[in-house]
Amino acid sequence: MYEGLKKILDRGRRMVFFGGAGVSTESGVPDFRSETGLYNAMESYGRPPEEMLSHSFFLREPDTFFDYHKHNMIYPDVKPNRAHLALARLEREGKLAAVVTQNIDGLHQMAGSKTVHELHGSVQRNYCLKCGARYGVDYILDEANCVDPSGENKTRWVPYCEKCGGMVRPDVVLYEEPLNEEVTGAAIRAIIEADVLIVGGTSLVVYPAAGLINYFQGDRLVLINKSATAYDHQADLVIHEPIGQVLGACTGC
């Protein structure tokens with residue numbers, strides 16, 4: 001089973017993996033863009049997630065933003081699945097040059113991957129808008145940090161910097177915000193230099209991130225996704241099965 005993919009993985013010398021939400025859903029991280037995610041957001045908040053995760057909404061209603069963010073974007077108990085572990089193994093073996101991900105959960109690093117280009121940032125990183133101080137995810141989840149040290153700002157959900165009292169925000173790319181040029185540039189360079197590009201767990205409909213695969217000039221394009229994508233006809237190999245199942249079986253993870 002998956003013999004075609006195994007041969008590609010064996011021969012690849014500078015492979016790059018490009019992944020989306022489907023990689024993390026197998027770890028139990030819900031896809032907020034799914035019908036269920038949309039329904040839950042509308043039922044609980046009366047707004048679609050795209051609105052609540054926008055730059056303007058963050059500035060306008062930070063309390064509601066962080067209420068949604070902490071309950072729907074952060075899952076501290078999830079663990080890497082077979083896909084994450086397989087990719088980390090391929091990197092250790094010197095076959096995988098980089099992971100390019102649209103996910104913000106940090107699961108690739110937890111699995112052991114070292115070169116990870118996070119196009120949309122990470123919930124694991126947070127910073128003060130005023131002084132730039134950096135904080136981990138545990139800091140913003142602690143309700144004790146939702147009180148400004150000056151005593152002027154008191155909310156239920158908004159975290160404040162313990163150093164200067166500024167608002168602390170997640171280091172993620174919100175709607176209405178551009179992708180980080182340095183991260184995007186590194187991802188593009190990795191894809192251009194790749195001999196094999198494996199795209200998994202994404203329907204390739206979220207732009208501009210999805211457009212990065214157009215930079216691929218290598219030998220083999222592999223698409224692994226449970227549903228068909230608009231790029232299937234361009235691929236050398238297409239597998240419509242769960243990404244963890246496929247990569248786990250091919251690497252022994």
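Assorted remarks:
- Matching residues in region 227-236 - criterion: being at pLDDT 90 or above and surrounded by fewer than 17 Cβ atoms within 10 Å (Cβ to Cβ): S227, A228, D232, H233, Q234, D236
- Restricting attention to region 51-67 and to residues that are open to solvent by less than 40 Å² (accessible area, probe 1.4 Å) and more than 19 Å from the chain's Cα centre (by Cα), the residue that is farthest from C146 (Cα to Cα) turns out to be F57.
- On the stretch given as region 180-191, residues that are touching a strand residue (DSSP E or B) at 6+ places or on another chain (Cβ under 6 Å) and open to solvent by 30 Å² or more (accessible area, probe 1.4 Å) total 1.
- Of all residues in region 78-96, those that are in contact with an Asp or Glu (Cβ under 8 Å, 6 or more places away or on another chain) and surrounded by fewer than 18 Cβ atoms within 10 Å (Cβ to Cβ) total 1.
Yes/no matrix, rows are residues, columns are (1) surrounded by fewer than 17 Cβ atoms within 10 Å (Cβ to Cβ); (2) among the basic types (K, R):
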position: M1; (1), (2): yes, no
position: G4; (1), (2): yes, no
position: L9; (1), (2): no, no
position: R14; (1), (2): yes, yes
position: P30; (1), (2): yes, no
position: M42; (1), (2): yes, no
position: P49; (1), (2): no, no
position: H69; (1), (2): no, no
position: P76; (1), (2): yes, no
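- Considering (1) at pLDDT 90 or above; (2) among the hydrophobic types (A, V, I, L, M, F, W, C); (3) in contact with a strand residue (DSSP E or B) (Cβ under 6 Å, 6 or more places away or on another chain), the lone condition that A133 does not fulfil carries the number (3).
- Of the residues making up region 108-117, those that are open to solvent by less than 20 Å² (accessible area, probe 1.4 Å) and either touching a strand residue (DSSP E or B) at 6+ places or on another chain (Cβ under 9 Å) or assigned to a loop (DSSP other than H, G, I, E, B) (or both) are H108, S113.
- Of all residues in region 216-226, those being farther than 12 Å from G22 by Cβ and either modelled with pLDDT under 85 or open to solvent by less than 100 Å² (accessible area, probe 1.4 Å) (or both) number 4.
- Selection over region 192-215 of residues that are buried (at least 21 other Cβ atoms within 10 Å of the Cβ) and among the polar types (S, T, N, Q) gives a count of 1.
- Among the residues making up region 24-49, a single one is in contact (Cβ under 8 Å) with a residue 60 or more places away in the chain and either more than 16 Å from N103 (Cα to Cα) or out of contact with any helix residue (DSSP H, G or I) (no Cβ under 9 Å at 6 or more places or on another chain) (or both): T25.
The values are calculated or read from the model by the stated rules, or taken from the named source; none is laboratory data. Since we're looking at a predicted model, the values are computed, not measured. In this analysis, Cβ positions are derived from the backbone assuming ideal geometry, glycine residues included, and neighbour counts consider all displayed protein chains. For the accessible areas, the whole protein counts, side chains as well, though only heavy atoms, and no ligand, DNA or RNA atoms are used. Shrake-Rupley method; radii C 1.70, N 1.55, O 1.52, S 1.80 Å.
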